[in-house]
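Notes for the one structure printed next.
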Amino acid sequence: MRVMLIVNPFATATTAAGRDALVHTLESRFKVDVEHTTHRGHASELGARAVAEGHDAVLVHGGDGTVNETVNGMLGAPAEFAARPRPQLGVIPGGSANVFARTFGVDADPLVATRQHIGLLETGQYRSIGLAHTADRWFLFNTGMGMDAIVVREMERKRHAGKAATPTRYFWTTVTSFFANATNPAHFTAHVPGRDPIDGVKFGFVSNTSPWTYLGTREIRTNPGTGFDTGLGLFAATSTSVLRNIPLATRLLTQRPPKARHLYRNDDLDWIRFEADTPLDVQMDGDYIGTHTQLSFGQRANAIDVVAPAP
């Protein structure tokens with residue numbers, strides 16, 4: 001079996017010694033081509049090359065952003081997607097959140113995760129999952145517009161300043177961002193099948209699976225009924241008032257079904273569209289991707305095979 005291992009050496013939770021150990025472990029069982037990313041978009045280039053060269057599997061050791069890039073390289077543009085043989089995808093956690101890997105029960109320890117993947121590859125275990133797309137890109141678990149993306153933007157700014165992306169820092173960044181933007185008039189409209197437009201949305205996100213993210217070890221499930229084999233999940237809130245959102249945040253943190261008067265939620269939609277009069281911040285799979293005035297969301301079933309046990 002021929003495996004390409006894509007490593008992001010700058011990922012939060014990777015070390016040189018750890019990378020060497022997992023490479024040696026993989027090489028004891030497979031033919032491994034090790035590739036280190038050197039620039040933004042490099043993982044996408046490597047993913048495309050793995051498909052062209054006929055690798056059996058692509059393992060990514062990095063964070064969710066590196067996995068997202070790899071998948072986009074492996075699949076190409078959503079509008080031009082065609083079913084054809086592609087390597088299976090596996091993820092060895094190396095980032096701060098590792099949402100995609102944790103969704104499949106992958107261990108947080110890279111060496112343990114490597115041994116998990118060896119066993120799954122040798123026994124032929126994988127899952128064919130659906131992926132969502134917008135802005136001519138695939139995403140794995142969620143894309144957000146408005147406040148959600150502002151928080152991601154602020155976290156990236158802090159990381160670039162040398163501050164670690166800890167759960168505590170993420171929590172307080174979320175709190176301070178809500179206070180700072182409570183009176184911000186920016187909003188957008190969400191369109192979904194079979195109902196009137198949802199006007200005045202202050203922050204919203206589209207999910208491809210659940211959980212939406214993790215806060216430490218705690219799962220945050222905004223759309224509990226959304227999964228890789230369902231339609232898209234929508235979570236759209238029409239207020240950034242701290243007082244109105246504290247009860248909603250409490251429900252999310254205590255893993256109760258999210259509901260509030262200012263919230264529209266649906267766990268199984270065929271399509272979604274966001275429209276704004278002015279450009280608003282957008283994040284995709286935890287990476288800030290700039291500002292947009294319109295996003296149209298779709299999904300494709302059985303888009304990629306993931307090295308994982310049966311659900």
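Assorted remarks:
- Positions within region 276-311 being touching a Ser or Thr at 6+ places or on another chain (Cβ under 8 Å), under 21 Å from Asn181 (Cα atoms) and buried (at least 16 other Cβ atoms within 10 Å of the Cβ), in sequence order: Ala276, Leu280, Asp281, Val282, Gln283, Met284, Gly286
- Any chance Ala113 is within 16 Å of Ala57 (Cα to Cα), under 19 Å from the mean Cα position of the chain (by Cα) and crowded, with 19+ Cβ neighbours inside 10 Å: yes
- Test for Thr15: is it buried (at least 16 other Cβ atoms within 10 Å of the Cβ), over 21 Å from Asp287 (Cβ atoms) and among the polar types (S, T, N, Q): no
- The criterion of at least 2 residues that are among the polar types (S, T, N, Q) and touching a residue at least 60 places away in the same chain (Cβ under 8 Å) is met by the following strands (runs of 3 or more DSSP E) wholly inside region 211-311: 272-284, 287-306.
- Looking only at region 135-162, and only at residues there that are under 16 Å from the mean Cα position of the chain (by Cα), open to solvent by 40 Å² or more (accessible area, probe 1.4 Å) and not hydrophobic (A, V, I, L, M, F, W, C), the one that is modelled with the lowest pLDDT: Glu156
- Flag for Ala182 being touching a residue at least 60 places away in the same chain (Cβ under 8 Å), open to solvent by 50 Å² or more (accessible area, probe 1.4 Å) and not in a helix (DSSP H, G or I): no
- Residue ID - modelled with the lowest pLDDT, chosen from residues in region 96-110 that are more than 18 Å from Val32 (Cβ to Cβ) and open to solvent by less than 40 Å² (accessible area, probe 1.4 Å): Ala97
- Identity of the residue in region 11-64, of a type in the set (A, V, I, L, M, F, W, C) and without any contact (Cβ under 8 Å) to a residue 24 or more places away in the chain, that ends up nearest to Gln125 (Cα to Cα): Val23
- Residue within region 169-176 that is open to solvent by 20 Å² or more (accessible area, probe 1.4 Å), part of a helix (DSSP H, G or I), free of Cβ contacts under 8 Å to residues at least 12 places away in the same chain and aromatic (Phe, Trp, Tyr) present: yes
- Residue-level check: of (1) farther than 16 Å from Ala308 by Cβ; (2) of a type in the set (S, T, N, Q); (3) touching a Phe, Trp or Tyr at 6+ places or on another chain (Cβ under 8 Å), Gln88 misses just (1).
- Answer from Val206, Val192 - the residue that is under 12 Å from Asp148 (Cβ atoms) and not hydroxyl-bearing (Ser, Thr, Tyr): Val206
- Against the test of being touching a helix residue (DSSP H, G or I) at 6+ places or on another chain (Cβ under 7 Å) and at negative phi, the options Ala190, Ala182, Ala161, Ala186 yield a single qualifying residue, Ala182.
- All of (1) closer than 22 Å to Leu215 by Cβ; (2) out of contact with any His (no Cβ under 9 Å at 6 or more places or on another chain); (3) not β-branched (Val, Ile, Thr) hold for Ala11 with one exception: (2).
- When region 253-275 is filtered for residues that are aliphatic (A, V, I, L, M) and open to solvent by less than 20 Å² (accessible area, probe 1.4 Å), the ones remaining, listed by number, are Leu269, Ile272.
The values are calculated or read from the model by the stated rules, or taken from the named source; none is laboratory data. Predicted model only: the values in this text are computed from it and were never measured. When we count neighbours, we look across all protein chains shown, and the Cβ atoms used for this are built from the backbone with ideal geometry, even at glycine. All accessible areas refer to the heavy atoms of the entire protein, side chains included, with ligands and DNA or RNA removed. Shrake-Rupley method; radii C 1.70, N 1.55, O 1.52, S 1.80 Å.
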